[in-house]
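**Q** I am attaching a structure below and will ask some questions about it afterwards.
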Amino acid sequence: MSVIVALVAGLSLSLACDSGDSKKSETKVAAADKKAEAPADKQAEAPAEATDEKGEGEEGCIYGEDAHKEKHAEGHSCDHGDAAPDNGATGHFGAPFTLASSQPLAKAVGGELGEAPVQVSGTVESVCQKMGCWMVVKDGDAEARIMMKDHSFTVPKDCKGKPAIVEGTLATKTFNEKQVKHLAKDGGEDPGAVSGERKEFVLTATGISIPPNS
């Protein structure tokens with residue numbers, strides 16, 4: 001009888017130990033799963049935060065905010081097109097010219113505006129300090145903002161004061177307040193110092209030439 005009691009007690013103790021070990025194993029597995037899930041959650045959140053930050057930074061982009069939504073979703077910023085040329089670079093940027101000669105910018109803005117391409121000359125008054133994706137060319141009292149067709153090329157960011165020849169289509173455009181502030185920021189100015197809409201001559205350039213030794 002005592003032998004049977006001893007066997008039953010031993011079996012009960014063994015079962016209790018197995019149960020305890022099983023619970024400990026389940027606890028360890030659950031803890032490991034929780035740790036494995038935590039980084040995945042953080043990784044899933046990170047791209048969304050980066051996208052929001054970049055998306056906010058591109059508000060008012062003169063090339064159109066909608067054009068950048070896909071870029072933002074892929075983790076890219078407003079900076080697309082070719083990389084900015086080296087500072088001090090001269091030469092031709094964009095597509096080759098199709099017109100044989102140029103005219104002063106002042107004469108072009110005083111004439112008829114339309115879809116026909118024009119080639120104008122002037123001096124670079126200012127340039128985008130973020131990527132060189134726009135510039136302002138001046139000729140006497142006349143000036144026009146130069147936007148690159150399809151945002152497909154850029155110019156050196158230090159070309160201010162250099163003569164330039166630009167070919168493209170000339171029109172007028174009204175920039176809203178968000179765009180005006182965005183332009184001020186990219187031009188190295190204080191966005192808080194500007195407000196309201198602004199109407200400008202805009203030349204959508206297919207090609208730009210900054211002569212050597214200029």
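**Q** Using the number of other C-beta atoms within 10 angstrom as an exposure proxy, rank Met135, Met147 with the fewest first.
**A** On the way: Met135 29, Met147 19.
Ascending number of Cβ neighbours within 10 Å: Met147, Met135.
**Q** On to the next question. Fully extended, how many nm does the chain gain between Ala95 and Glu197 (0.36 nm per residue separation, minus their Cα-Cα distance)?
**A** Full extension from Ala95 to Glu197 adds 33.6 nm.
**Q** For region 91-210, what is the convex hull volume of the alpha-carbon atoms per residue, in Å³? Mind dumping the intermediate values first?
**A** Details: hull volume 12.3 nm³, N = 120.
For region 91-210, the hull spanned by Cα atoms encloses 102 Å³ per residue.
**Q** Additional query: With a sphere of radius 10 Å drawn around the Cβ of Asn176, what net charge do the other residues whose Cβ falls strictly inside it have (Lys, Arg +1; Asp, Glu -1)?
**A** Working: positive: Lys178, Lys181, Arg198; negative: Glu177, Glu197.
Residues close to Asn176 contribute a combined charge of +1.
**Q** So for each of 185-194, 121-130 I average, over its residues, the number of other beta carbons within 10 Å; can you give me the resulting order with the highest mean first?
**A** Per-residue mean Cβ counts within 10 Å order the peptides as 121-130, 185-194.
Just so you know, all these numbers are worked out from the coordinates, no wet-lab data involved. Treat the numbers as computed from the prediction; the structure is a model and nothing was measured. Don't worry about glycine lacking a Cβ; one is built from the backbone with ideal geometry, like all the others, and counts go over all protein chains shown.
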